[in-house]
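Trainee: For reference, the structure I am asking about is given below.
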Amino acid sequence: MEKFGERGGPGGQGPVCGVPAAQLGKKVAVLDYVEPSPRGTRWGLGGTCVNVGCIPKKLMHQAALLGGMIRDAPHYGWAVAQAPHDWATLADAVQNHVKSLNWGHRVQLQDRKVKYFNVKASFVNAHTVCGVSKGGEETLLSAEHIVIATGGRPRYPTHIEGALEYGITSDDLFWLKEAPGKTLVVGASYVALECAGFLTGLGLDTTVMIRSVPLRAFDQQMASLVTEHMASHGTRVLRGCAPERVEKLPDRQLRVTWVDLASDRKDVGTFDTVLWAIGGCPPPAWPLASGPLPAPPGPSGSSLRPDGPGGLHARPWEPSPTGSPFCFLYFQNERPPDSLLV
């Protein structure tokens, strides 16, 4: 199932599909494999939200808010000394919490009698997949129905020199052992602005580079209020700019060259970290031995990929107004499946 290995996220494992089917007494297996990011980051069961999304993000936001409260405390009569933030302590606590959630998901699957396979799978035919473990061992698994619920991964702008070699994404940010230091966040999505916001709140020199408009799919009056608030609290915002090149200097800093799109003037800055937050990858192709799966139009609100006549269908990527991946499921049969692979 290519590198989009998040069958163990909420679409496949949790309330949407795998666990409910098991609770109905059906034989269910979940296949989950996380292809390491270009920086080598990998994580456990639970999908994007648990490992590199909502959970670690909110914990880091809370740390940033606490820093703001400490700075405000003297104005309310509290003689609290302001101390520099310790990234390593926060990162260790966040990562340990995430690992505890990974374990909890495995226990939940076991309690629900769902078989878990840590393998990367590809289709053999419409009812069989071949799973390959980290050590290269192959396992063939067959089921009446197969659900694709892979979620997504962040995208690198590979047309920009040095972007892949020297940049990171949100897949890596929450698993850094050391503080990212002076950070350039490239992008105008909610992921970009949220990450920039808590990095500034933790006392880090943070710049956001926006090519066009922030939070494009949101109300633009509200989007402007967000960026104005961020700027007033210390985040530098570069508007109408696009990066052209990232170079690594002898002192390990990153030199970024960008262009002002209005004036065509180029500028240069040095950073410790460049974080790409420019959106997610498109859905992968799911090859069968006889060719790719057809994708006929589905019912209103979804596009479906059949896994066999009268089967359970799923589309792996359906962007919401905020760009989040969802998995839409649809039964043609009136009866539940006897066996299910997720």
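Trainee: Return yes or no: is LEU173 over 22 Å from PRO38 (Cβ atoms) and buried (at least 16 other Cβ atoms within 10 Å of the Cβ)?
Mentor: For LEU173, the condition - over 22 Å from PRO38 (Cβ atoms) and buried (at least 16 other Cβ atoms within 10 Å of the Cβ) - is not met.
Trainee: Over 20 Å from TYR156 (Cβ atoms), modelled with pLDDT of 95 or more and either open to solvent by 50 Å² or more (accessible area, probe 1.4 Å) or in contact with a Phe, Trp or Tyr (Cβ under 8 Å, 6 or more places away or on another chain) (or both), is that true of HIS313?
Mentor: Here the answer is no, as HIS313 does not meet what is asked.
Trainee: On to the next question. Name every residue in region 259-277 that is under 15 Å from THR183 (Cβ atoms) and either of a type in the set (A, V, I, L, M, F, W, C) or out of contact with any Ser or Thr (no Cβ under 8 Å at 6 or more places or on another chain) (or both), in order of residue number.
Mentor: THR270, PHE271, VAL274, LEU275, TRP276, ALA277
Trainee: For region 227-239, state whether one or more residues are aliphatic (A, V, I, L, M) and surrounded by fewer than 16 Cβ atoms within 10 Å (Cβ to Cβ).
Mentor: yes
Trainee: Then there's this: Among (1) surrounded by fewer than 19 Cβ atoms within 10 Å (Cβ to Cβ); (2) modelled with pLDDT of 95 or more, there is one condition ALA91 misses while meeting the rest; what is its number?
Mentor: (1)
Trainee: To continue, here is another question. Looking at region 264-291, which of its residues are at pLDDT below 80 and either exposed (fewer than 12 other Cβ atoms within 10 Å of the Cβ) or within 15 Å of TYR166 (Cβ to Cβ) (or both)?
Mentor: PRO282, ALA285, ALA289, SER290, GLY291
Trainee: Mind listing just one residue for me: the one in region 139-148 that is out of contact with any Cys (no Cβ under 9 Å at 6 or more places or on another chain) and not in a loop (DSSP other than H, G, I, E, B) and, of those, most open to solvent (accessible area, probe 1.4 Å)?
Mentor: This residue is SER142.
Trainee: Looking at (1) in a helix (DSSP H, G or I); (2) open to solvent by 80 Å² or more (accessible area, probe 1.4 Å), which is the one condition that is false for ARG42?
Mentor: (1)
Trainee: So TRP258 clears everything in (1) open to solvent by less than 20 Å² (accessible area, probe 1.4 Å); (2) of a type outside the set (Gly, Ala, Ser); (3) free of Cβ contacts under 8 Å to residues at least 40 places away in the same chain; (4) in a strand (DSSP E or B) except one condition, right? Which one?
Mentor: Failed condition: (3).
Trainee: Something else about it: Pick out, from region 66-138, the strands (runs of 3 or more DSSP E) lying fully within it that include 1 or more residues that are over 30 Å from GLY201 (Cβ atoms), touching a residue at least 24 places away in the same chain (Cβ under 8 Å) and within 22 Å of the chain's Cα centre (by Cα).
Mentor: Here the list reads 115-117, 120-125.
So that you can scan it fast, the table gives a plain yes or no per residue for (1) modelled with pLDDT under 65; (2) not in a helix (DSSP H, G or I):
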{"position": "LYS3", "(1), (2)": "yes, yes"}
{"position": "GLY8", "(1), (2)": "yes, yes"}
{"position": "GLN13", "(1), (2)": "yes, yes"}
{"position": "VAL30", "(1), (2)": "no, yes"}
{"position": "GLU35", "(1), (2)": "no, yes"}
{"position": "ASN51", "(1), (2)": "no, no"}
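Trainee: For the list (1) under 18 Å from GLN253 (Cβ atoms); (2) hydroxyl-bearing (Ser, Thr, Tyr); (3) touching a residue at least 40 places away in the same chain (Cβ under 8 Å), I need the number of the one condition that THR150 fails.
Mentor: Going through (1) under 18 Å from GLN253 (Cβ atoms); (2) hydroxyl-bearing (Ser, Thr, Tyr); (3) touching a residue at least 40 places away in the same chain (Cβ under 8 Å) one by one, THR150 breaks only (1).
The values are calculated or read from the model by the stated rules, or taken from the named source; none is laboratory data. Remember, it's a predicted structure, so these values are computed and weren't measured experimentally. No Cβ is skipped: glycine too gets one built from the backbone with ideal geometry, and neighbour counts run over all protein chains shown. The accessibility values were calculated without ligands, DNA or RNA, using every heavy atom of the protein model including side chains. Shrake-Rupley method; radii C 1.70, N 1.55, O 1.52, S 1.80 Å.
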